[in-house]
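Peer 1: The structure follows.
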Amino acid sequence: MIYHFSLIYPADRPPVSVSDLLRQLLIPRKWRHYLRTERQVLVNGQYRSFNQLIKGNEKVDLYLDQVESLQGDYPASGKMPKVVYEDENVLVIDKPKGQKTHPNQGENGTALNDCASYLGYSPYIVHRLDMLTGGLLLVAKNPAVVPILNRQLTSKTLRRDYLATVDLNKEIPDQGIIDLPIGQDPADQRKRQVRADGLRAVSHFQVLEKDEEKKQAKLLVTLETGRTHQIRVHLSASGWPIVGDPLYNPNFAGEDLALTGWQLTFVKPYSFNQVAVRLDKK
């Protein structure tokens, strides 16, 4: 299958070589090599060599047919997801709390199964939300955008903001950074914990509201890394466990987990256009 992407190079950006443009678009090296050797980069309808410049308002067309994906198919669930944003390459849905992001073998009731029902074909995973966490989930419609979105995650141009309500077991500053490595909890395979030999994990937080009577606070949390249970582990380890967290809050009383993927900010693949998608603040 050939994937065709087209853009008008923005007039407010300086001239750039074809080679540098493809790097700026975060196109993988293997695909850049294919585009050069197969002469599949057209500027204003004509092939342009990689060391030549592209200027503002010129049209660039890219054709890729060497796109591979190791991901298996997700069978349709028969249910429709709540779609919050859609364009030709991606889908953003509002995943309900209690639903898995993707299936294990034999399962078909996950968010990606619902997306398969909506699209009529299997979607491609970009990132995950914990089963107990609801909110915005970005899904790719084709494999040609997956590595670009993955690079946006690495370069922090794909930003994920969460809302969390926490118990204040200790004082909390108005804002801060939690930089604590996270690894497997050897006593419980379901859990993660802060540990010196864990993977680097960084979360940024800002206090939005405080309820002194309940000794709770509402936080805006932004992920710099994306470890399993990262926000839940970081906040609990800091003395501010999330309300309704059955794994990391000792005062869990059966409530829903008070953690929601509230906002996603990313650059549309094969473009320079930024998109911000958010839910209502509740």
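Read-outs throughout are calculated quantities, based only on the coordinates presented, and are distinct from any laboratory measurement. Remember, it's a predicted structure, so these values are computed and weren't measured experimentally. So basically every Cβ, Gly included, is an ideal-geometry build from the backbone, and we count neighbours across all protein chains shown.
Peer 1: Place a label point 7 angstrom from the Cα of residue 36 along the Cα-to-Cβ direction, then list the residues of segment 65-90 whose backbone nitrogen is under 18 Å away.
Peer 2: 65-66, by backbone N distance to the label point.
Peer 1: By counting other Cβ atoms within 10 Å of each Cβ, how are 210, 82 ranked from fewest to most?
Peer 2: Exposure proxy ranking, most exposed first: 82, 210.
Peer 1: I would also like to ask the following. Can you pull a Stokes-Einstein diffusion coefficient for segment 1-102 at 25 °C (0.890 mPa s), Rh from Kirkwood over Cα pairs, as a whole number of µm²/s? Don't skip to the end; give the middle numbers.
Peer 2: On the way: Rh = 16.3 Å.
Roughly 150 µm²/s, to the nearest whole number.
Peer 1: Taking other Cβ within 10 Å of each residue's Cβ, how do 191, 170, 141, 95 sort, fewest first?
Peer 2: Going from least to most buried by this count: 170, 191, 141, 95.
Peer 1: Could you give the length gained on full extension between residue 202 and residue 52, defined as 0.36 nm per residue of separation minus the Cα-Cα distance, in nm?
Peer 2: Length difference between fully extended and current span is 50.0 nm.
Peer 1: Counting other Cβ atoms within 10 Å, keep those with at most 15, restrict to DSSP loop, and tell me which GluC sites (Glu not before Pro) in segment 128-225 are left.
Peer 2: 171, 212, 213
Peer 1: Let me know the shape class of segment 160-261, please: from the alpha-carbon gyration tensor, a ≥ b ≥ c as square roots of the eigenvalues, rounded when a/c is under 1.5, otherwise prolate if a/b is greater than b/c, or oblate.
Peer 2: Taking the square roots of the gyration eigenvalues as a ≥ b ≥ c, segment 160-261 is oblate.
Peer 1: Given segment 160-261, what count of lysine pairs have C-alpha atoms under 19 Å apart, with each pair 8 or more places apart or on different chains?
Peer 2: Lysine pairs meeting both conditions in segment 160-261 amount to 5.
Peer 1: Among all the lysines, which ones have a C-alpha under 29 Å from residue 59's C-alpha, if same-chain residues fewer than 8 places away are not counted?
Peer 2: Partners within reach: 30, 141, 156, 268.
Peer 1: How far apart, in nanometres, would the label points at residue 224 and residue 255 be if each is projected 7 angstrom from Cα along the Cα-to-Cβ direction?
Peer 2: For residue 224 paired with residue 255, the spin-label model returns 2.9 nm.
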